[in-house]
Amino acid sequence: MKIHEYQAKQLLAKYGVPTPKGKVATTVEEAKAVSREIDSFPMVVKAQVHVGGRGKAGGVKLAQSHEEVAEHAAAILGMDIKGITVRKVLIEPGIDIQQEIYLGVILDRATQRPVIMACAEGGVEIEELAKTKPDAILKLGIPPTYGLRPHHINEVATFLKIPKSALADFRAILKGLIEAFYATDGSLAEINPLVITGSGHAIACDAKFNFDDNALYKHPEVSEMRDDGEEEPLEVEAREKGINYVKLDGKIGCIVNGAGLAMGTMDIVKHYGGEPANFLDIGGGAKSEQVAQALQLITSDPNVNTIFFNIFGGIVRCDLVAEGILTALKTLPDFNYPIVIRLSGTNDEKAREMLKDTDLIIAPTMSEGAQKAVEISHRAA
Ligand code: GDP
Ligand code: MN
């Protein structure tokens, strides 16, 4: 799960990270009120959307007067940044930037620990720098046995050549970042740029925080920050129905029981030259109601032209799934997508017998099913 910059800054501030004292506005009128409240220039107006690169897209603007704050708010609210419409702006006192630093922490699966990443040349070009000058980036794993220690902080500060005047701030920033990351089960947290100001202090100028979805149940205060307006509408709908769904860009809608098999299904569809439209795990039960919901969900995506069911009857019996599909299709009278179905495992013969007088295309194996689906999808395109 992702949150907005202003929320990430509020979270970090709770853990002692210095941040600008800003406020969010959703209308130009609100922006004017915030501007009068802050009343110090330059002021910065920043688009709040769940994508990076807002600066380059024109979503971060400095203002020298109340009028200019209002103008920028009017220009940024409603702006489209990488396909997302801006509905909120963050207005803050501007920072006097001397140096822009990158500081982040990610959960690294390979080394099984949080890894601090730091680079003295932060700002908007960090992805580029990671490719061209990888040595400019420090990667420091935090040992799970004893956690973040002062010597880690010193090592990062030394690498970044943090000036003496900013050391106390920097220590508070790195400590707060890591504490917030642990406390909320973060998966990635970034301060980019972390700014060394003209007066020699350090402050978080931008902030980004992603969380481990599987740990959200432990953190209601984090879940509350979710902004449904920023998310894929179909994924929001799926979550409400308890279906495990991730939208992708292809044409073959996949309905699968089990997360591992769903991953395998996407791989095999791609292997045969097709593009999956989604990841979807209907879980172990595959009741008709779930099947109907899954079909509805998938076909709400206008890209989809073919459906591929890939069902392995382990705990669930294939005949029950077949029954579920037949019942679901009865509740969707206008449904006219080609459906390829692979059923194998417990009671698969019985299931195929039940489906044989329908329009469903039955495939005996997963790879034949995938090939068929790809073929049909290509023909329909
Ligand atoms: P991003 O492009 O989405 O990462 O948005 P950022 O918040 O990182 O802003 C992009 C860039 O705008 C920063 O790297 C800064 O150079 C600049 N910027 C942001 N806030 C301020 C500010 O308060 N003062 C000044 N002078 N520049 C700012
Ligand atoms: Mn940034």
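Quick look at the numbers
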read-out: Shape call, the chain: gyration tensor on alpha carbons, a/c limit 1.5; value: prolate
read-out: Gain in span if fully extended, L62 to R113, counting 0.36 nm per residue against the direct Cα distance; value: 14.5 nm
read-out: Mean ellipticity per residue at 222 nm, deg cm²/dmol - from DSSP H runs of n ≥ 4 across the chain, formula -39500 (n - 2.57); value: -11500 deg cm²/dmol
read-out: Helix 366-380 vs. the chain, principal-axis angle (Cα, 0 to 90°, nearest 10); value: 80
read-out: When each of K2/K164; K2/K61; K241/K330 is checked by Cα-Cα distance, pairs over 31 Å; value: K2/K164
read-out: Where labels lie 7 Å past Cα in the beta-carbon direction, separation of S223 and L248 in nm; value: 2.8
read-out: Additional length obtainable on full extension of the chain from E353 to A120, 0.36 nm per residue less Cα span; value: 77.3 nm
read-out: Cα Rg, Dmax (largest Cα-Cα span) when computed across region 84-146, Å; value: 15.6, 44
read-out: Crossing angle, helix 167-183 versus the chain [Cα axis fit, 0-90 degrees, rounded to tens]; value: 20
read-out: Antiparallel DSSP beta bridges within the chain, percent to nearest 5; value: 75
read-out: Cα-projected label distance for K139 with A183, points at 7 Å along beta-carbon direction, nm; value: 2.9
read-out: Anisotropy class of region 21-93 from Cα gyration tensor, a/c 1.5 cut; value: prolate
read-out: Contact order normalised by residue count of the chain, Cα under 8 Å, 6+ apart, percent; value: 13
read-out: Low-density loop cleavage sites - trypsin sites (Lys or Arg not before Pro) in region 126-166, where at most 15 other Cβ are within 10 Å (DSSP); value: K161
read-out: Linear extension gain, T365 paired with D267, 0.36 nm per residue minus alpha-carbon span; value: 33.8 nm
read-out: Gyration tensor (alpha-carbon) shape descriptor, region 97-223, a/c threshold 1.5; value: prolate
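No lab work stands behind these numbers, since they all come straight from the coordinates. Since the model is a prediction, treat every value here as computed from it, not as a measurement. Counting neighbours? That spans all protein chains shown, and the Cβs are built from the backbone with ideal geometry, glycine included.
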